[in-house]
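**Q** Can you read through this structure? Questions will come right after.
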2 protein chains.
Amino acid sequence: MSQVTRRRTGPSKGDLREAAILEAARALFSERPYESVTIDDLASGAGISRTSFYFYFPTKTAVLTALMTSVGHDLAAGHVWFDADGPARDLLRTQLETSATLWRANAGILSCAATAMATSEELRDFVGRVRRRYDERAAEKIRRDQAGGTATTAIPAHRLAEMISAIRDARYEQLAGATDAELREAVDDLTEAIHRLIYGRA
Amino acid sequence: MSQVTRRRTGPSKGDLREAAILEAARALFSERPYESVTIDDLASGAGISRTSFYFYFPTKTAVLTALMTSVGHDLAAGHVWFDADGPARDLLRTQLETSATLWRANAGILSCAATAMATSEELRDFVGRVRRRYDERAAEKIRRDQAGGTATTAIPAHRLAEMISAIRDARYEQLAGATDAELREAVDDLTEAIHRLIYGRA
DNA sequence: GACAAAAATCGACACAGTGTCGATAGCGTA
DNA sequence: TACGCTATCGACACTGTGTCGATTTTTGTC
């Protein structure tokens, strides 16, 4: 519920412990399903007792949220397509390739996050915000192309953006442990599909 | 883990209790989030003690799976588009309208199922099977249209089918408590999107 | 280097939810 | 009536989460 921790604001030696918890969490959530990781695992993975864990994080999902923040930050980088004009198929492909690679690299954490979203409002809100921001930018790009006459107007721009997110995420979820060839295939399919959806003709 | 219950196979007076549990579950899962419903709630909702619950169902998710079986059965009904030849936009629309209406009517249960899938392998498998069967039929229809030259061959049929499921489910998930107008809007968008994806031109 | 305040640690405890076991009560029928 | 099957439930054990307060360690300052 409340986000309040008792930690002071300045840097300290105990920050090492916080980092250790995050490191342990990254390792554990990458390997095992979310529910199977207990707070005790996280604590002893960082070399502290379970109760000491609560000094650093209020809940298990708070740790996951922290990890997700960094992943989300990385994802927000390669948004090259959004700034282009028109279909710009090559840029769309590049953007999808970057995000697909990043997704595969963090597959375990992202899968845990998907699980935890079911129970944690905090995480649900966080991911929702990230996604909304992404969809917003995609919708803006589409709106520009609708005005330019290249994109379809049969479907509202924000709905098209949501659809893109839906097919992208669904395909990416299968990406854990995928080969480079499989990853490329996914990117190809998505590029084609998004392109048809927005710029194709009925 | 094991599906074994101690119940005998034939009909009996205690079946009333099983029905009562299912009824209570339908009511509770329709109103409240999945985790907030305890086995005790289910049991006392059916007028029995918590331990007696275990005589009828091994776990909470088993009850949800039972409810989902009936919903899945209903959904499998209106698959009119799959048997058509070519784009058949009106049949696609009809099929989407049926499933959207059904989805909205069972929004609570479906949302609980989505939550529970995160933890229950049983439910995950069940829903996975239903979805796979659906996608399979969609892929067959698309394959026929690819052979007939109306559907695109730029993306494998089974991938197109998966994409359809992805955008459909994503949109339907927003359908809880939607007005008839909103529902129709969703169906319109989806009809258009699916049509473009499969039969449109690049 | 001593010392007070703040940071950090942890054991003991309370709690909620799940699941098991065995004792018992009802019920149908040979 | 007596046997076996259905059904019920209280008592118990277990796991994971979260809180409290007492204690130790660190840190900055004089």
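The values are calculated or read from the model by the stated rules, or taken from the named source; none is laboratory data. Predicted model, so just to flag it, every value in this text is computed and none were measured. Virtual Cβ from ideal backbone geometry, glycine too; neighbours counted across all protein chains shown. Only protein heavy atoms, including side chains, enter the accessible area calculation; ligands, DNA and RNA are left aside. Shrake-Rupley method; radii C 1.70, N 1.55, O 1.52, S 1.80 Å.
**Q** Could you let me know the centre-to-centre spacing of region A:140-162 and region A:168-202, using Cα atoms, in angstrom?
**A** A separation of 20 Å, based on Cα centres.
**Q** While we're on this one: Could you go through region A:105-113 in sequence order and give the Karplus-derived ³J(HN,Hα) for each residue, using 6.51 cos²θ - 1.76 cosθ + 1.60 with θ = phi - 60°, rounded to whole Hz, and x for Gly and Pro?
**A** Computed from phi, the couplings for region A:105-113 are 5, 10, 3, x, 4, 5, 5, 4, 4 Hz.
**Q** Using a label position 7 Å from Cα in the Cα→Cβ direction, what is the ascending list of nm distances from residue B:125 to the same site in the other copies?
**A** Spelled out, the distances from residue B:125's label point are 3.8 nm.
**Q** Can you tell me the 0 to 90 degree angle between the C-alpha axis of helix A:157-172 and the longest principal axis of chain A, rounded to 10?
**A** Taking the Cα atoms of chain A, the angle to A:157-172 is about 60 degrees.
**Q** Enter the Cα centre distance for the pair region A:35-75 and region B:80-103, rounded to the nearest angstrom.
**A** Cα centroid to Cα centroid, the span is 46 Å.
**Q** If you take the square roots of the eigenvalues of the alpha-carbon gyration tensor of the protein assembly as shown and sort them as a ≥ b ≥ c, do you get rounded (a/c under 1.5), prolate (a/b over b/c) or oblate? Write down the numbers at each step before the final one.
**A** Numbers: a/c = 2.05, a/b = 1.11, b/c = 1.85.
Note, shape of the protein assembly as shown comes out oblate.
**Q** Could you size up the charge dipole of chain B around its Cα centre, putting +1 on the beta carbon of Lys and Arg and -1 on that of Asp and Glu, and report it in debye to the nearest 20? Before the final figure, lay out the partial values.
**A** On the way: 27 positive and 28 negative charges, 125 e Å.
Computed about the Cα centre, the dipole is about 600 debye.
**Q** Compute the Cα gyration tensor for region B:86-202, then decide on rounded, prolate or oblate, letting a ≥ b ≥ c be the square roots of its eigenvalues: rounded whenever a/c is under 1.5, prolate when a/b is larger than b/c in the other cases, and oblate in all that remain. Walk me through the numbers on the way to the answer.
**A** Numbers: a/c = 2.54, a/b = 1.36, b/c = 1.86.
Oblate is the answer for region B:86-202, as a/c is 1.5 or above yet b/c matches or exceeds a/b.
**Q** If you don't mind, another one. First measure r as the distance between the Cβ atoms of residue B:19 and residue B:90, then evaluate 1/(1 + (r/R0)^6) with R0 = 41 Å and state the FRET efficiency to the nearest 0.05. Please list the in-between numbers first.
**A** Working: r = 39 Å, r/R0 = 0.96.
Working from the Cβ atoms, E equals 0.55.
**Q** Moving on. Looking at A:113, A:153, A:198, which one has the Cα that reaches farthest to the positive end of the dipole of region A:65-199 (charges on Cβ: Lys, Arg +1; Asp, Glu -1)?
**A** Farthest towards the positive end: A:153.
**Q** Suppose we compare each residue of region B:186-202 in its chain alone and in the full protein complex with a 1.4 Å probe; which ones drop by at least 20 Å² of accessible area?
**A** SASA drop of 20 Å² or more in region B:186-202: B:189, B:192, B:193, B:196, B:197, B:200, B:201, B:202.
**Q** Given a 1.4 angstrom probe, I'd like the percentage of the accessible area of region B:65-199 that is carbon and sulfur, rounded to a whole number.
**A** Numbers: 3040 of 5890 Å².
Answer for region B:65-199 is 52 percent, counting heavy atoms of protein chains only.
**Q** Oh, and also: Shape call for region B:96-135 from the C-alpha gyration tensor, a ≥ b ≥ c root eigenvalues: rounded (a/c under 1.5), prolate (a/b greater than b/c) or oblate? Please list the in-between numbers first.
**A** On the way: a/c = 3.91, a/b = 1.35, b/c = 2.89.
Oblate.
**Q** For chain A, what does -39500 (n - 2.57) per DSSP helix run (n ≥ 4), summed and divided by total residues, give at 222 nm, in deg cm²/dmol to the nearest 500?
**A** On the way: 9 runs with 138 residues, N = 202.
Mean residue ellipticity, 222 nm, calculated: -22500 deg cm²/dmol.
**Q** How much solvent-accessible surface does residue A:51 expose, in Å² to the nearest 10, with a 1.4 Å probe and all protein chains in place?
**A** My reading of the accessible area for residue A:51 is about 100 Å².
**Q** Which residues of region A:102-131 end up with at least 10 Å² less accessible area in the presence of all protein chains than when their chain stands alone, using a 1.4 Å probe?
**A** Those are A:115, A:118, A:119, which lose 10 Å² or more relative to the chain on its own.
**Q** For B:64, A:16, what's the largest-to-smallest order of accessible area, 1.4 Å probe? Spell out each step's value before the answer.
**A** Numbers: B:64 0, A:16 125 Å².
Correct descending sequence by accessible area is A:16, B:64.
**Q** For the B and A pair, go ahead and give the buried accessible area with a 1.4 Å probe, both sides summed, in Å² to 100. Intermediate values should be presented prior to the final figure.
**A** Numbers: alone 11330 and 11330 Å², together 20250 Å².
Chains B and A together bury roughly 2400 Å² of accessible area.
**Q** A further question on this structure: Return the distance in nm (one decimal) between the two label points of a simple spin-label model at residue B:50 and residue A:131, each offset 7 Å from Cα along Cα→Cβ.
**A** Result: 3.4 nm between the two label points.
**Q** Quick check: at a probe of 1.4 Å, how many percent of the accessible area of region A:15-57 sits on carbon and sulfur atoms?
**A** Numbers: 1210 of 2290 Å².
The value for region A:15-57 is 53 percent carbon and sulfur by accessible area.
**Q** Okay, next question. If the only charges are +1 at each Lys and Arg Cβ and -1 at each Asp and Glu Cβ, what is the size of the charge dipole of the protein assembly as shown around the Cα centre, to the nearest 20 debye?
**A** 480
**Q** With every protein chain present, what is the per residue accessible area of the protein assembly as shown (1.4 Å probe, Å²)?
**A** Numbers: 20250 Å² over 404 residues.
Per residue, the protein assembly as shown has an accessible area of 50 Å².
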